[in-house]
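Heads up, the thing below is written out as structure tokens.
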Amino acid sequence: MKMKAQTKWGWDHAIYLFLGGLGAATYVIGALAGYAGEAWLGISKVGIISGVIILAIGYVVLLVGLGRPMNAIHAMKCPGTSWISRGVIIVLLFVIFAGIHWLLTVFNAGGGLLPILGFIGIVMGFGVMLYTGFLLAANRPIAFWANPLLPIVFLASALYSGLLATLLLSSIFVPDAVEQMKFLAVHSTGLAVFLILAMALYIWGTHRTPEGRAAAEMLMSGQFSGMFWVGVFLMGLFVPLVLELINLYGMGGTAIGMHILAGILGLIGMLLLRQVILGCGVMARLQAARFEYVLPHI
Amino acid sequence: MTRHGFVIDLKRCYGCYSCSVACKAANHTPQGVDWAKCVSAEIGTYPSALRQMLPLVCQQCAEPACMDVCPTGATQQDENGIVTVDPDLCMGCKTCMMACPYGARQTVSTFETYFPDAEGELDPYEAYCLEQWELKNGFGLATKCDYCKDRIADGKDPACVEACPAKARTFGDLDDPESEISILIRRNAGFQLNPEFGTDPSCYYLPPR
Ligand code: SF4
Ligand code: SF4
């Protein structure tokens, strides 16, 4: 019997999940760079300024996709049980602290306040990267999501896309920071390898239920296989990894164009990763005596 | 206390969809929304193949997964165990639709007429249904069966129960051990769908043949 995946969370949710993680990670990288001394100042500014803007764009996309955006004002009401409520609180705290950090950075002010704001922003930023994984993992009827490795995959993918975005933007705005970009590029290759392993484990871990197996099949050889193999694996991970390795070890890390190309491909791939995970959300079948039923219209 | 519940006898249901139509008429659900669904499954191969219908309604779970995940408090449970959505609070995030194991929640973003070739205004019945839907539910929001709360308050059965020609559906109080549904469950090995999700549904099924 052909199992069906949910269709109600589509591109708008994928874009938000992607931009939310990307914005938080880019900010976190920028804030961390702020502790690394004078030489990192340019990259720190790039990360902090762009991270907050990216997250804000993500939130606008999310709000526009809601059935009744005005009612989002009530979204913090149930933090005891709802991951969306928890997420809204985390994002709000992030926006407050990272937003002040952003303003002070834009206006070159703040002095001793910046490290403190940065620390709180970093903690909240990790919260933003992680909560979307928990939000999906809390849906028990969708075995492909209800997997404890999903928050790890989302965290790693957010950090990886944050590194690529920082490299991409730094290549444009602070092209002289070659050594710093090399450092970021090394970490992006490490994260790409980690993400490939984490995804392999994640997909393997879904094989315990028929729904999980159907979802994994949909991903690897079914409806979403093209998007997964070409978009996520090849474009998002493998090609950027090879480009950065060639750049680092063949060209001394000086090829700015390679950072830009790796960044663009990697970011598209990480957006597609969110979309394929949402699209493969196969719902559990219902069981009545010997009969098994597939739910329609979800 | 009362815990409103359903018993659906799978031996009796023959898949005539009267419940689906009665629900549509009673609740003015637009195209794309079907609160009283009937799904079918088959096992075996010819000549010993079997087909069995499964009528579905919101299971009015005692521990509703949909309510836990709802961030706005729009999903509420009344003192009789009926789970409802307050359209003034719902923001249409569809999280509840992902959490409900029974596919009981549905949403439509726009109204589609059943008569797209007809020119001009909607016919009066469709216009009335649209008005009622906007008043009680709305577009882009989560909607679900509420066991015909208004009918129950008037002492009637839910519309699908009244319409079922096979008497496959019985409505009653699960908390009363002497109610018809409690007796049916006890005597016929009534069971809940997919109890592994831990939602404790108030809808019980009697086994098929
Ligand atoms: S069947 Fe679904 S919508 Fe109805 S109460 Fe249970 S979890 Fe909620
Ligand atoms: S769609 Fe409405 S009822 Fe469902 S979880 Fe979101 S706010 Fe709650």
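The values are calculated or read from the model by the stated rules, or taken from the named source; none is laboratory data. What you see is a predicted model, and the numbers here were worked out from it, not measured in a lab. Ideal geometry is used to build each Cβ from the backbone, glycine not excepted, and the neighbour counts take in all protein chains shown.
Couple of notes before you dig in:
- Boolean, B:ALA62 is away from ligand 2 (no atom under 16 Å from the Cβ) and more than 8 Å from chain A (Cβ to nearest Cβ): yes
- B:GLY120 away from ligand 2 (no atom under 11 Å from the Cβ) and under 25 Å from A:ILE142 (Cβ atoms): no
- Within segment B:48-58, the set of residues being outside any strand (DSSP E or B) and either at the interface with another protein chain (Cβ under 10 Å from one of its Cβ atoms) or within 16 Å of ligand 2 (Cβ to nearest atom) (or both) comprises just one member, B:CYS58.
- All told, B:ALA49 falls short of being aliphatic (A, V, I, L, M) and closer than 28 Å to B:LEU174 by Cα.
- Segment B:102-123: number of residues that are within 12 Å of ligand 1 (Cβ to nearest atom) and either over 30 Å from A:CYS78 (Cβ atoms) or more than 9 Å from chain A (Cβ to nearest Cβ) (or both): 1
- Filter result (touching a Pro at 6+ places or on another chain (Cβ under 8 Å) and either within 20 Å of A:TRP145 (Cβ to Cβ) or buried (at least 24 other Cβ atoms within 10 Å of the Cβ) (or both)) within segment B:93-109: B:CYS93, B:THR95, B:MET98, B:ALA99, B:CYS100, B:PRO101, B:TYR102, B:GLY103
- Looking only at residues in segment B:172-198 that are at the interface with chain A (Cβ under 9 Å from one of its Cβ atoms) and of a type outside the set (A, V, I, L, M, F, W, C), the one that is farthest from ligand 1 (Cβ to nearest atom) is B:GLU196.
- Any hit, segment A:104-115, residues being away from ligand 1 (no atom under 16 Å from the Cβ), more than 8 Å from chain B (Cβ to nearest Cβ) and within 27 Å of A:ALA137 (Cα to Cα): no
- Applying the set (1) touching a helix residue (DSSP H, G or I) at 6+ places or on another chain (Cβ under 7 Å); (2) away from ligand 2 (no atom under 16 Å from the Cβ); (3) closer than 30 Å to A:ALA146 by Cβ to B:HIS28 leaves exactly one unmet item: (3).
- Across segment B:63-81, the qualifying residues are those that are more than 9 Å from ligand 1 (Cβ to nearest atom) and aliphatic (A, V, I, L, M), and the one among them that is surrounded by the fewest Cβ atoms within 10 Å (Cβ to Cβ) is B:VAL69.
- Residue in segment A:275-294 that is among the aromatic types (Phe, Trp, Tyr), within 13 Å of chain B (Cβ to nearest Cβ) and more than 24 Å from A:PHE18 (Cα to Cα) present: yes
- Test: A:GLY118 is crowded, with 22+ Cβ neighbours inside 10 Å, away from chain B (no Cβ under 14 Å) and either more than 16 Å from ligand 2 (Cβ to nearest atom) or touching a residue at least 40 places away in the same chain (Cβ under 8 Å) (or both): yes
- Selection from segment A:134-162 of residues that are part of a helix (DSSP H, G or I) and within 14 Å of chain B (Cβ to nearest Cβ): A:PHE134, A:LEU135, A:LEU136, A:ALA137, A:LEU150
One line per residue, one yes/no per condition, for (1) within 28 Å of B:GLU162 (Cα to Cα); (2) away from ligand 1 (no atom under 16 Å from the Cβ); (3) within 14 Å of another protein chain (Cβ to nearest Cβ):
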position: B:MET91; (1), (2), (3): no, yes, yes
position: B:CYS100; (1), (2), (3): yes, no, yes
position: B:LYS136; (1), (2), (3): yes, yes, no
position: B:GLY140; (1), (2), (3): no, yes, yes
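- Among the numbered conditions (1) at pLDDT 95 or above; (2) closer than 20 Å to B:ARG151 by Cα; (3) in a loop (DSSP other than H, G, I, E, B), the only one that B:ALA22 does not meet is (3).
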